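Taking it in order: structure first as structure tokens, then the write-up.
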Amino acid sequence: MNVLGIELRRSAAPGAALVTVVVGVGALYLATGRWSVGWMALAMVTREYLLLMWPLALAAGAWQGRREHRSGVGELFASTARPPARRMLPVLAAMALTLTVAYLLVTAAGVAWISDTARYRPVLPFAVVTGVGVLALIGAAWLGLGIGRMLPALVTAPALGVSGVLLAFVSAVVPPDWLAAAISPIHGTGRFHDYQTIDNRVSGALAIWLAALAVAGLLLFVGGGWRTRTATVVPVVLGLVAATAVVPRDPDVLTWPVDPVARELVCTDDTPTVCVSRVHATVLDPVTPLAREGLAALAKLPAAPTAVHEDTRTIGDEESWPAPREGVVTIEIRIDRSGRLAHPVSVVPGVVRGLGVPYDGQCRNRNVVVERAAAYWLLGRAPQSDVDVVPGTISEDPEANAAAVTLWQELRELPEEEALARVTAVRDALTACLDPAGLLSRSTR
């Protein structure tokens with residue numbers, strides 16, 4: 001323990017941990033909006049930033065690995081009776097301990113940001129993804145120790161750092177997907193929807209591969225001859241074979257997998273019913289009055305919808321999208337960088353915009369100009385473009401909203417009964433997947 005304490009104070013381990021914390025926390029807080037939705041998003045984005053932290057651990061290990069050569073004590077230590085493995089164990093332990101603490105501190109910094117807003121806590125998947133991240137840093141550091149001792153040149157550490165970035169990136173995109181998932185700690189961590197997760201089987205396969213790299217680095221570091229160093233190929237090969245044998249081949253598991261519990265709906269106890277996904281449960285209270293305001297506007301139409309649900313459909317599963325539910329309006333929920341409801345002003349227009357007719361991806365006869373004019377007539381205010389309602393939205397044709405304003409003004413000049421009949425005709429056309437063009441300008445009588 002005394003030797004370990006000395007290594008913790010004098011080796012490269014504390015410096016490596018400090019740099020890891022600074023880089024990791026800095027990367028997280030520069031883009032809090034990427035992971036503020038919840039715990040699983042945080043774990044995945046932290047793992048994604050191994051693209052930065054993994055090469056640093058590799059370079060730090062290489063720098064520490066050349067210490068005996070740099071100090072010129074190799075022959076002195078070789079003449080002692082103490083086994084090399086026992087002498088090097090404190091160095092290995094120091095690097096593993098400090099980098100483990102560093103990764104957990106980076107994760108804890110993210111948890112502190114979302115602790116008040118993220119109510120859905122998938123403990124086991126979060127722990128597994130985080131644990132694999134820790135193992136990735138330990139494996140990188142030990143591999144760096146072995147390479148640094150074997151090639152104790154001054155250029156080894158920076159060269160390994162640069163190579164580590166390239167290796168981490170290339171391994172994440174190497175085809176096929178199941179191979180990339182088995183060998184890359186950042187594969188599958190890019191987020192495409194708020195219900196995304198990493199399958200535990202994928203994490204298990206990756207853990208096998210990372211453990212094999214750590215064992216290979218250990219053998220390189222403690223080995224004194226070419227036979228021992230050649231033997232490092234064995235754990236690498238065995239680890240690769242085992243990891244590729246365990247990793248799933250199902251594309252739905254490898255590409256943007258969905259956590260079904262995160263996607264479950266959490267609803268209000270009273271009516272009109274408003275539901276959001278479990279991962280967005282923290283915004284149910286602020287969404288509810290806005291959604292009900294939209295339902296009140298839609299109530300002017302006959303057979304108007306009576307509930308609002310969050311749209312939980314995701315990219316890549318269009319074939320499994322559920323059929324639209326009668327009487328239910330679906331809206332998109334967005335979370336801001338602080339973990340709260342983003343763009344509250346968009347909720348009411350979002351409820352009314354489609355006149356209560358859900359978009360199922362099949363009907364192509366949607367007319368933005370007519371729908372917007374009809375929706376804003378129900379709301380009793382002038383139409384606004386999506387760019388004005390939600391900042392950052394991809395720009396649209398500026399003439400589209402101007403045309404909607406013109407139609408809206410024409411509706412306002414009509415008797416309310418006639419205007420409502422025209423808006424109802426637009427809603428019926430959308431329900432039947434027909435083009436509503438001209439219905440607001442033509443009398444329904």
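The values are calculated or read from the model by the stated rules, or taken from the named source; none is laboratory data. Not measured: the values here are computed from a predicted model. Don't worry about glycine lacking a Cβ; one is built from the backbone with ideal geometry, like all the others, and counts go over all protein chains shown. What goes into the accessible areas is simple: the full protein's heavy atoms, side chains included, and nothing from ligands, DNA or RNA. Shrake-Rupley method; radii C 1.70, N 1.55, O 1.52, S 1.80 Å.
Quick check: anything in segment 79-96 in a helix (DSSP H, G or I), modelled with pLDDT of 90 or more, over 18 Å from L240 (Cβ atoms) and open to solvent by 30 Å² or more (accessible area, probe 1.4 Å)? Yes, some residue in segment 79-96 is in a helix (DSSP H, G or I), modelled with pLDDT of 90 or more, over 18 Å from L240 (Cβ atoms) and open to solvent by 30 Å² or more (accessible area, probe 1.4 Å). The residue that is modelled with the lowest pLDDT, among those in segment 241-262 that are open to solvent by 70 Å² or more (accessible area, probe 1.4 Å) and outside any loop (DSSP other than H, G, I, E, B), is D252. The criterion of at least 1 residues that are among the basic types (K, R) and out of contact with any helix residue (DSSP H, G or I) (no Cβ under 9 Å at 6 or more places or on another chain) is met by the following helices (runs of 4 or more DSSP H) wholly inside segment 170-232: 226-230. Summed over segment 1-27, residues that are part of a loop (DSSP other than H, G, I, E, B) and within 28 Å of A262 (Cβ to Cβ) total 0. Looking for something modelled with pLDDT under 90, open to solvent by 10 Å² or more (accessible area, probe 1.4 Å) and outside any helix (DSSP H, G or I) - is there at least one such residue anywhere in segment 332-347? Checked segment 332-347: no residue is modelled with pLDDT under 90, open to solvent by 10 Å² or more (accessible area, probe 1.4 Å) and outside any helix (DSSP H, G or I).
Being over 40 Å from the mean Cα position of the chain (by Cα), modelled with pLDDT of 90 or more, outside any loop (DSSP other than H, G, I, E, B) and surrounded by 14 or more Cβ atoms within 10 Å (Cβ to Cβ) is the requirement here; does A374 meet it?
In short, no.
Yes or no: V279 open to solvent by 20 Å² or more (accessible area, probe 1.4 Å), touching a residue at least 12 places away in the same chain (Cβ under 8 Å), within 30 Å of W178 (Cα to Cα) and not in a loop (DSSP other than H, G, I, E, B)? Judged against the criteria, V279 is not a match. Scanning segment 263-277 for residues that are charged (D, E, K, R) and under 21 Å from Q196 (Cα atoms) yields R263, E264.
Please list, ordered by first then second residue, the pairs with beta carbon atoms under 7 Å, 6 or more apart or interchain, first in segment 142-158 and farther than 17 Å from V236 by Cα and in contact (Cβ under 8 Å) with a residue 60 or more places away in the chain, second aliphatic (A, V, I, L, M) and open to solvent by 30 Å² or more (accessible area, probe 1.4 Å). Close Cβ pairs (under 7 Å, with a partner that is aliphatic (A, V, I, L, M) and open to solvent by 30 Å² or more (accessible area, probe 1.4 Å)) amount to T156/I147.
Does any residue of segment 28-36 turn out to be at pLDDT 95 or above, small (G, A, S), part of a loop (DSSP other than H, G, I, E, B) and open to solvent by less than 20 Å² (accessible area, probe 1.4 Å)? Within segment 28-36 (the criterion being at pLDDT 95 or above, small (G, A, S), part of a loop (DSSP other than H, G, I, E, B) and open to solvent by less than 20 Å² (accessible area, probe 1.4 Å)), the answer is yes, since at least one residue qualifies.
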